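Okay, structure first, notes after.
The values are calculated or read from the model by the stated rules, or taken from the named source; none is laboratory data. It should be emphasised that the depicted structure is a prediction, and the values quoted were computed from it without experimental measurement. Glycine also receives a Cβ, built like all others from the backbone with ideal geometry; neighbour counts cover every protein chain displayed. These area figures cover heavy atoms from the full protein model, side chains too; ligands, DNA and RNA do not enter into them. Shrake-Rupley method; radii C 1.70, N 1.55, O 1.52, S 1.80 Å.
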Protein chains: 2
Amino acid sequence: MSAYHPLNETEAIEIARKLEGVFAPDAQLACREIGDGNLNLVFHITDSASGRSIIMKQALPYAKVVGESWPLTLDRARIESEALLLEGELAPGLVPVVYLYDQELALTIMEDLSDHVIMRQGLMNGTRYPLFAGHISTFLARTLFFTSDLGRNQQEKKLLARSFTNPELCKITEDLIFDDPYRDADTNSFEETIRDEAQALWNDGELHLEVALLREKFLTRAQSLLHGDLHTGSIFITPESTKVIDPEFAYFGPMGFDIGAVLANLLLNFAGREGWDKTDAGRESYRAYLLDTVKDIWSQFEEKFLALWNEHGVDRLANTAPGYRENYMERLLQDTIGFAGCKMVRRVVGLAHVADIDKLEDASARERAQRLALRIGKSLIKLNRRAVSIDQLIDAVNSASAAAKA
Amino acid sequence: MSAYHPLNETEAIEIARKLEGVFAPDAQLACREIGDGNLNLVFHITDSASGRSIIMKQALPYAKVVGESWPLTLDRARIESEALLLEGELAPGLVPVVYLYDQELALTIMEDLSDHVIMRQGLMNGTRYPLFAGHISTFLARTLFFTSDLGRNQQEKKLLARSFTNPELCKITEDLIFDDPYRDADTNSFEETIRDEAQALWNDGELHLEVALLREKFLTRAQSLLHGDLHTGSIFITPESTKVIDPEFAYFGPMGFDIGAVLANLLLNFAGREGWDKTDAGRESYRAYLLDTVKDIWSQFEEKFLALWNEHGVDRLANTAPGYRENYMERLLQDTIGFAGCKMVRRVVGLAHVADIDKLEDASARERAQRLALRIGKSLIKLNRRAVSIDQLIDAVNSASAAAKA
């Protein structure tokens with residue numbers, strides 16, 4: 001294969017045909033480019049005779065977001081592919097299978113998950129996923145534990161961290177999550193109706209201190225290999241199956257950033273329910289389901305993480321020092337709550353929003369959802385260093401919700 | 001020059017002669033290998049006619065410590081050389097000038113500092129260095145600030161951190177400082193007279209928790225480029241000049257580890273004074289000088305670091321969030337105190353000791369010094385997370401000293 005160039009559909013089919021053990025040699029392959037063209041080309045290649053299909057994802061050397069375009073390293077394809085492979089080893093069945101990675105073409109060929117839906121859409125539709133808390137807590141516990149100094153040879157971990165050095169994509173997070181929403185930045189995007197909320201964010205010194213501390217953790221705490229962008233748009237789901245995709249933001253950072261991302265996106269849907277349910281009872285019931293899921297994810301994560309630590313802990317002193325586990329898990333909960341708050345705030349006033357809220361057609365419901373999301377987000381950020389139990393997060397959400405109604 | 005092999009003196013002279021602008025073409029060069037042969041060859045090359053001289057340091061592919069020998073990457077020569085160059089840019093005059101680095105030979109050619117003495121020996125001799133606190137606080141403030149996310153482009157910092165990935169030398173620290181002294185490890189080394197002290201270390205759960213937390217910071221906190229081994233044996237000194245040498249342990253870690261190393265080694269000399277001074281008054285006077293120096297180093301470091309932050313801070317939120325600076329400096333002080341304590345304990349019961357204590361000929365003075373060093377070290381470790389002022393470190397030293405006399 002020649003040097004890098006964006007593939008067309010014919011070339012994609014040629015490459016697919018050469019994959020070993022996927023398609024029959026004489027298969028009639030159909031190809032459709034289904035990406036949104038912002039960051040990557042995504043080819044969906046199918047063989048209707050056998051029913052087999054694959055996804056080919058090729059990184060583009062630029063990013064387009066809201067009309068802007070800037071150059072972006074193709075190395076993110078390597079990072080994504082290597083992260084998927086490692087996550088697949090550590091949490092089998094919870095990420096798509098990778099068939100091939102071609103470095104020169106910045107191309108990853110992987111399992112087709114067309115029978116799944118994007119979880120964000122599923123939640124907007126009001127679908128319940130009773131196995132999700134179990135799946136995602138396993139994914140989090142196993143990927144975070146086994147890439148940390150608690151669960152991996154500490155010299156190997158350093159070499160792994162080196163290979164996941166990811167400055168360009170980290171910068172996107174540093175700017176869009178940990179800076180811009182807290183100042184009057186050009187990149188911010190919000191409706192005029194909530195300008196008062198945005199201005200309050202820019203002038204809240206107590207909030208700025210907490211965000212600065214969380215930003216520092218994102219910049220300096222090489223705890224584990226993170227997915228780095230674990231929102232509900234990075235999860236393919238069915239009631240039976242959960243698949244985490246798109247780890248191109250992977251790098252070694254604070255564990256709580258990944259856990260917090262999952263919780264934040266459930267809570268953004270919680271806020272968005274201002275408009276999604278047909279009845280008040282339906283809304284309250286789905287919100288209760290979301291809060292139960294939030295609590296389950298943390299509780300199951302904690303239990304699984306501690307079980308892995310008991311069985312596979314490699315750090316003698318961390319294993320034996322009295323009180324260390326409790327101290328560690330408490331700090332992890334605090335980080336989770338703080339990062340969850342940051343993830344919520346940026347989705348209302350920052351560059352990138354979520355459909356759970358933005359797709360609400362009723363302007364008044366949308367505004368209520370935005371204000372509620374901000375209220376929850378800010379209260380989690382301010383809670384973070386004081387938290388000792390996941391119940392405090394649930395209480396903060398309920399209080400914010402009650403205050404929003406008052 | 002051919003592939004790697006340990007040089008002999010004739011080869012060293014040949015290489016020296018080719019350096020541009022150092023020696024005259026027809027200079028009569030003399031060469032003497034002055035290393036201790038444990039980790040490196042060190043050639044001292046002189047031209048008696050011009051009075052010029054240089055040092056050539058070549059890494060050996062193994063380490064010998066206390067009879068044991070294990071293979072060690074030659075990449076540490078690259079790390080040492082690159083760290084010296086960067087430290088020289090950031091803190092001019094406070095490290096030896098590097099003339100040449102030859103990667104293939106793992107060879108660094110640098111300024112000869114034979115007119116300086118190793119600071120540890122100077123302190124044992126009772127020499128006072130009134131400029132030292134000023135020099136070392138400048139070195140620490142400038143190297144730590146400008147390699148951190150506060151003072152350097154955060155994407156460049158990540159690439160720099162990648163190039164200073166240093167797993168082998170970090171492991172030496174992780175084992176010898178943050179693990180072995182707190183268990184009955186084969187590598188430990190102490191006199192039978194203080195076995196009670198060693199056993200107390202192995203059974204002190206409160207201490208283990210604090211050491212585990214400090215160990216975690218060493219493993220995960222990529223705050224700044226550290227020297228990584230900044231004891232008084234890594235400092236060449238005269239009353240007018242201070243030169244920091246031997247940064248082969250350099251990596252991105254917690255700032256307090258470097259600051260704590262300096263303070264710990266002054267305090268080890270404080271403990272060692274049980275035997276070095278001719279009179280009680282002489283001892284008390286020198287101890288007061290050492291404690292003044294400890295306090296001066298922290299105070300001047302803090303002042304200089306904050307001044308750099310004011311003038312060169314690159315992180316908008318860190319620059320503006322109310323209370324963040326105070327929070328940051330308080331945590332840095334706490335880390336400094338904790339790491340200082342760990343550095344003291346390991347020098348009494350761990351593998352590598354210090355001459356300030358071990359060279360005391362009087363067994364009773366030596367034992368008193370060892371017990372005092374441990375008492376101070378343990379109290380600093382237990383103080384660390386509660387500390388809010390450098391005066392608490394000074395008080396802890398004075399209390400330990402008084403308790404040891406009682």
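A few comments on the model shown:
- Using a Förster distance of 30 Å, the FRET efficiency for A:Asn327-B:Asp391 (Cβ separation, nearest 0.05): 0.65
- At 1.306 mPa s and 10 °C, Stokes D of segment A:9-111 from Kirkwood alpha-carbon radius, µm² per second: 110
- Cα-based shape type of segment A:214-310, given that a ≥ b ≥ c are square roots of the gyration tensor eigenvalues and the cut on a/c is 1.5: prolate
- Net charge dipole, segment B:309-385: roughly 340 debye, given to the nearest 20, about the Cα centre with Cβ charges of +1 for Lys and Arg and -1 for Asp and Glu.
- Gain upon complete extension [A:Asp362, A:Thr187; 0.36 nm per residue less C-alpha separation]: 60.5 nm
- Helix-only CD estimate at 222 nm, as mean residue ellipticity for chain A, using -39500 (n - 2.57) per DSSP H run (n ≥ 4): -17500 deg cm²/dmol
- For A:Asn398 and A:Glu14, the difference between the fully extended length at 0.36 nm per residue and the C-alpha to C-alpha distance is 132.8 nm.
- For residues of A:305-317, the mean tally of beta carbons on other chains within 10 Å: 2
- Cα centroid separation, segment A:82-108 to segment B:319-358 (Å): 42
- Rough spin-label spacing in nm, given labels placed 7 Å along Cα→Cβ, for A:Ala288 and A:Tyr62: 5.2
- Taking segment B:278-393 and dividing mean pair separation by its residue count, relative contact order in percent (alpha carbons under 8 Å, at least six apart): 32
- Database remark: amide H of B:Ala63 closer than 5 angstrom to the amide H of B:Trp70, B:Leu72 (H placed geometrically; neighbours at sequence offset of 5 or more, or on other chains; Pro and chain starts carry no H).
- Under Karplus coefficients 6.51, -1.76 and 1.60, residue-wise ³J(HN,Hα) of segment A:151-158 in Hz, glycine/proline x: x, 9, 3, 6, 7, 4, 4, 5
- Prolate/oblate/rounded label for segment A:284-356 (Cα gyration tensor, a/c 1.5): prolate
- Cα-based Rg and Dmax for the protein assembly as shown, where Dmax is the largest Cα-Cα distance (Å): 29.5, 97
- In chain B, the ratio of gyration radius to Kirkwood radius, Rg to Rh, stands at 0.97 when only Cα atoms are counted.
- Separation in nanometres of the label points that stand 7 Å from Cα toward Cβ, at B:Thr238 and A:Lys171: 4.5
- For chain A, relative contact order (Cα pairs under 8 Å, six or more residues apart, normalised by length) works out to 16 percent.
- Label-point separation in nm, B:Asp277 to A:Arg162, each point 7 Å along Cα→Cβ: 4.7
- Karplus-based coupling profile of segment A:242-256, in residue order and whole Hz: 10, 10, 8, 10, 6, x, 6, 8, 4, 6, 8, x, x, 3, x, with θ = phi - 60° in 6.51 cos²θ - 1.76 cosθ + 1.60 and x standing for Gly or Pro.
- Whichever aspartates and glutamates have a C-alpha closer than 16 Å to that of B:Lys378, once near sequence neighbours (fewer than 8 apart) are set aside: B:Asp179, B:Asp180, B:Asp196, B:Glu197, B:Asp204, B:Glu206, B:Glu210, B:Asp335, B:Asp395
- Built amide H within the under 5 Å cut-off of A:Asp277, gap 5+: none
- Cross-link partners for A:Lys382 among the lysines, with Cα-Cα distance under 27 Å and sequence neighbours closer than 8 places in the same chain left out: A:Lys171, A:Lys217, A:Lys295, A:Lys343, A:Lys405, B:Lys217.
- Counted charge near A:Phe145, where neighbours are those whose Cβ lies closer than 11 Å (Asp, Glu -1; Lys, Arg +1): +1
- Counted charge near A:Ile13, where neighbours are those whose Cβ lies closer than 14 Å (Asp, Glu -1; Lys, Arg +1): -2
- In a simple Cβ point-charge model (Lys, Arg +1; Asp, Glu -1; nothing else charged), the protein assembly as shown has a dipole of about 1560 debye relative to its Cα centre.
- Taking every residue in A:219-229 and counting other chain Cβ atoms within 10 Å of its Cβ, the average works out to 4.
- The contact between chain B and chain A removes approximately 3600 Å² from the accessible area (both sides summed; 1.4 Å probe; ligands, DNA and RNA excluded).
- Cα centroid separation, segment B:142-199 to segment A:110-142 (Å): 41
- Loop sites by DSSP among the GluC sites (Glu not before Pro) of chain A, restricted to those with at most 12 other Cβ atoms within 10 angstrom, leave A:105-239 as the longest stretch without any of them.
- B:Leu226 long-range amide H proximity, modeled H, under 5 Å: B:Tyr251, B:Phe252, B:Gly253
- Legend: calculated FRET efficiency, A:Gln155 to B:Gln103, from the Cβ-Cβ distance at R0 = 22 Å, rounded to 0.05, equals 0.50.
- Convex hull volume of the Cα atoms of segment A:266-401, normalised per residue: 115 Å³.
- In sequence order, calculated HN-Hα J values of segment A:271-286 (Karplus, 6.51, -1.76, 1.60; Hz; x Gly/Pro): 5, x, 5, 2, x, 8, 9, 6, 10, 4, 5, x, 5, 5, 5, 5
- Share of carbon and sulfur in the accessible area of the protein assembly as shown stands at 50%, probe radius 1.4 Å.
- Take each residue of peptide A:208-217, count the partner chain Cβ atoms within 10 Å of its Cβ, and average: the result is 6.
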